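Right, one structure below, let's go through it.
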Amino acid sequence: MAANRLIPSAWSNAFNNFFFDRQIPYGMALVRICLPLVLLVEMSMRWPWVVEFYSADGAPAPIAMAYGYWEFLPFLPGTWAVAAFTVMLLLMASLIVGWNSRLSAAGVFVLYTYFTMQDSLSSLTKYSVFSSHMFLLLSLSECGAVWSVDRLIELRRQGMTRASSWLGEGRAVEVWPQRLLQLFIGIVYFGAAVTKMQTPTYFSGDQMRLWLLTNVNHWNPLGELLSLQPALLVPMCYIAIIWEITFVFMVWNKTLRVPFLVVGALFHFMTTLTLGLIVFPLVCFSLYMAFVTEEDVRWWRERMARRSGFLRSVSQLLTTPYRLLLEAIAPLARFGNVAYVGILLGATALGLVGHRAIDLYAANTPTGRYELQPMDPQLARRMLRTDTVIREQDKLLSFDIGKLMVGGVVVETGKTFKTGDRIHAQANLIPPHEDLFVECQLVSDRGLIHDQSNGIAMRQDFRYTFNYLLPETLRAGDYQFILKLNNQEVARQTIKIAEPEPETAEESVALAE
Amino acid sequence: MKRYAAIATIVIYLGALGWGVVSHTLSLGHVSHPAMYYLVWDMFCGWSGYESRHHLIAQGVSGEHYLLNPAPWGEFKPYGPAYRTDYDSFGMHSIRIAQSVLNHTDHEPIQQIFLVEESWSKRYNRPDFLWRMEFEEEKDQMSYFHTRATYNGDGMLMDRRNNWTTAMAHHHVASDPRLVKLRSHSRPFFAVSPNAGRNSAPNGMPNAAPISNASSPIQQTSFAEPATP
């Protein structure tokens, strides 16, 4: 009986401690500042295109259509879309400074989700989905309880003069929205791991290799370089999935919290270098701010108080403009919601005027509307012809020679080998391809064929490997592996067979005698 | 009361996130509603061996062709070098873009609009210095073209095909002589508008959009629900 009473009580205490502890919401405040800052820049770039992307007067691309819902959300007329979009940008700005924080967050949640859902081609991505979740949770939280105009006004009402300083200005609130945000991050990683488990080519590194070579995102020099060493990708893929699965369980541990977050930050930073993603990692860094606690802020302040020099200067450089901004806005905020609404309406009106001045379609210019120009007939014919035959060389991603294989992928470490070495000549193929007749020849620099092997690469195969034991009879010199697909040469790789070492040569002579 | 509302919010929110993971894991209702896009975490789930770009071509009544993208007023590049149309992987939205360009420009009457997919092997995406490290052959890139969809001048769908890589994968299988022989002996079946009266899409897009996926061999039929994203 006692146990029966204890267990629910223990569970309930744990639940209450976890969700209803009261803390100053530094983490939520940082999310409130960083996330809208990133998205304000990103969405501002789309502002000139509002009519085209989101309104009934342009070419919206609602995500609901892909799910079979043809008229899920109404399309706004161009002018209304511009006005609503401008309001959204302004609400993001007011969220950054924490002026009517919850109202601003709720407004951004509704408008941002609406606009991104109406443009699945150039606005809706998974990071916009994360952001919608964040704005929803921010609107449920008291994210303006610290480092905000809201808090500044609150403190001034209480007669505090140094209200915007870093010392003691926060108000403790229930942490459940912050906990939901933290759980959200963990569940997203868990779901992402499930996706990877359902993608067999993820574990062989093939999917990642082809993504590294994709050019739909920004410049990704490291990705292109890494694609030369696919064997490196295999262990990285396993590390990533293990980290994704364990994140939601481990990040609560006091010892493991920082290492897990650091690995996560590195992971997202690497997506910039390897995949060319920019906004996605910035959004994720903003979300990570939800893990900042009171202790972290205290630790940071103590550290800054002790130190003088570079770190302190950086800290001041980051915080002073924000503090000055709050100070500047606070007098306006004294007028309450009248000032808030007045600024929103005024800026929206300016936005409408500005948009009319841009005149994207040149409808009001003296020269009149744009006129379509005919295209080159030859080019049109070429583009309208459907190609059904793939060149043999286009089926080959790479032809790798090496002594070591990791996860079924050849590691290339050099082009010089010696007789007696076991080496692999591996053709990495690009799908789709039909069942292929694959042939590999080992040819000397005199054109003499020393070996010829062949086989069938099935249509589902990503690679075909020829294994060689370089015979002792091969003299030192240059050789070439020649790869043929369907009897057509598609690649050559030159290797060097090194001179045998002197001891080995003497032993050979002795044996021959 | 406030505490109960908070607990209800926590339970509902975590329940929704949990349902998203279960639904995605078991492929159960994961594409049943647009809201599922907000609960399913399938980032980077797909891949292709070919880089592709989309071109919109309009044909006037005179027979002249007009390239509609990039639009005369310029194009927005959302995430890199690709245009907005290039992210239309299901070929669903491009017709709206074409119609928008036509609506806001002067031109002769249009009789047909084509969505053309251009693809090239990703091996050529390597920069030249990396190409030289990888291959002894010269770089000789070739683009493959494939008409993905054809619309009439009013934007009504006339013909729609799989993307090029899926079409090629099917072509490789379907050109098997044994299958060709079997197909030639199958009994033909004709059905006229089996979905008439159902919630078909604007622009005449059929409910049974013939999109299939090499990794999920589910044949779309005339009676199937709309293609999943």
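The values are calculated or read from the model by the stated rules, or taken from the named source; none is laboratory data. Small disclaimer: the values here were computed from a predicted structure and weren't measured. Positions of Cβ are backbone-derived with ideal geometry, glycine not excepted, and every protein chain shown enters the neighbour counts.
What's the number of the only condition in (1) farther than 24 Å from A:Pro62 by Cβ; (2) surrounded by fewer than 21 Cβ atoms within 10 Å (Cβ to Cβ); (3) assigned by TED's automatic domain parsing to the domain that holds B:Glu118; (4) not acidic (Asp, Glu) that B:Phe90 fails to meet?
(1)
Output yes when any residue across the stretch A:158-169 is of a type in the set (Lys, Arg), more than 14 Å from chain B (Cβ to nearest Cβ), assigned to a helix (DSSP H, G or I) and over 30 Å from B:His54 (Cβ atoms), and no when none is.
no
What are the residues in the stretch B:10-46 that are buried (at least 19 other Cβ atoms within 10 Å of the Cβ), of a type in the set (Phe, Trp, Tyr) and either free of Cβ contacts under 8 Å to residues at least 12 places away in the same chain or in a helix (DSSP H, G or I) (or both), if any?
Listed by number, the residues that qualify are B:Tyr13, B:Tyr37, B:Tyr38.
Would you please list the contacts, defined by Cβ atoms under 6 Å and residues six or more apart or on different chains, that run from a residue in the stretch B:120-143 that is farther than 15 Å from A:Lys395 by Cα and in the same structural domain as B:His54 (by TED's automatic domain parsing) to a residue that is small (Gly, Ala, Ser) and in a helix (DSSP H, G or I)?
Between residues of the stretch B:120-143 that are farther than 15 Å from A:Lys395 by Cα and in the same structural domain as B:His54 (by TED's automatic domain parsing) and residues that are small (Gly, Ala, Ser) and in a helix (DSSP H, G or I), there is no close pair.
If we scan the stretch A:112-122, do we find a residue that is over 26 Å from the mean Cα position of the chain (by Cα) and in a helix (DSSP H, G or I)?
Within the stretch A:112-122, not a single residue is over 26 Å from the mean Cα position of the chain (by Cα) and in a helix (DSSP H, G or I).
Exactly one of (1) surrounded by fewer than 21 Cβ atoms within 10 Å (Cβ to Cβ); (2) assigned to a loop (DSSP other than H, G, I, E, B); (3) facing another protein chain (nearest Cβ under 9 Å) is unmet by A:Pro48. Its number?
For A:Pro48, the exception is condition (2).
Going by the structure shown, is A:Ile185 touching a residue at least 60 places away in the same chain (Cβ under 8 Å), part of a helix (DSSP H, G or I) and within 16 Å of the chain's Cα centre (by Cα)?
Numbers: touching a residue at least 60 places away in the same chain (Cβ under 8 Å): yes; part of a helix (DSSP H, G or I): yes; within 16 Å of the chain's Cα centre (by Cα): yes.
Considered against the rule, which asks whether it is touching a residue at least 60 places away in the same chain (Cβ under 8 Å), part of a helix (DSSP H, G or I) and within 16 Å of the chain's Cα centre (by Cα), A:Ile185 comes out as yes.
Could you please give the count of residues in the stretch A:123-157 that are in a helix (DSSP H, G or I) and within 14 Å of chain B (Cβ to nearest Cβ)?
Going through the stretch A:123-157, the residues in a helix (DSSP H, G or I) turn out to be A:126-140, A:143-145, A:149-157.
Then drop every residue that is not within 14 Å of chain B (Cβ to nearest Cβ), which leaves A:126-140.
Selection size over the stretch A:123-157: 15.
List the strands (runs of 3 or more DSSP E) that sit entirely inside the stretch B:105-171 and contain at least 3 residues that are at the interface with chain A (Cβ under 7 Å from one of its Cβ atoms).
B:110-121, B:144-152
Return the residues of the stretch A:7-32 that are of a type outside the set (Ser, Thr, Tyr) and surrounded by 20 or more Cβ atoms within 10 Å (Cβ to Cβ); say none if nothing qualifies.
The answer is A:Ile24, A:Pro25, A:Gly27, A:Met28, A:Ala29, A:Leu30, A:Val31, A:Arg32.
Out of all the residues in the stretch A:283-304, is one or more in a helix (DSSP H, G or I), more than 28 Å from A:Arg22 (Cα to Cα) and either more than 26 Å from the chain's Cα centre (by Cα) or in contact (Cβ under 8 Å) with a residue 40 or more places away in the chain (or both)?
The answer is no; no qualifying residue exists.
I'd like the residue in the stretch A:207-218 that is part of a helix (DSSP H, G or I) and within 8 Å of chain B (Cβ to nearest Cβ) and, out of all such residues, is nearest to A:Phe269 (Cα to Cα).
It comes out as A:Trp211.
Can you tell me which residue among A:Leu360, A:Leu352 is among the aliphatic types (A, V, I, L, M), in contact (Cβ under 8 Å) with a residue 12 or more places away in the chain and either in a strand (DSSP E or B) or within 9 Å of chain B (Cβ to nearest Cβ) (or both)?
Exactly one residue qualifies, and that residue is A:Leu360.
Exactly one condition in (1) part of a loop (DSSP other than H, G, I, E, B); (2) in contact with a Ser or Thr (Cβ under 8 Å, 6 or more places away or on another chain) is false for A:Val194; which is it?
A:Val194 satisfies all of (1) part of a loop (DSSP other than H, G, I, E, B); (2) in contact with a Ser or Thr (Cβ under 8 Å, 6 or more places away or on another chain) except (1).
Of these, B:His24, B:His54, B:His93, which one is in contact with a His (Cβ under 7 Å, 6 or more places away or on another chain), closer than 29 Å to A:Pro281 by Cβ and not small (Gly, Ala, Ser)?
B:His24
Filter the stretch A:376-428 for residues that are at the interface with chain B (Cβ under 8 Å from one of its Cβ atoms), over 30 Å from B:Gln59 (Cβ atoms) and either surrounded by fewer than 20 Cβ atoms within 10 Å (Cβ to Cβ) or among the small types (Gly, Ala, Ser) (or both) and give the result.
Answer for the stretch A:376-428, where residues must be at the interface with chain B (Cβ under 8 Å from one of its Cβ atoms), over 30 Å from B:Gln59 (Cβ atoms) and either surrounded by fewer than 20 Cβ atoms within 10 Å (Cβ to Cβ) or among the small types (Gly, Ala, Ser) (or both): A:Gln393, A:Ser398.
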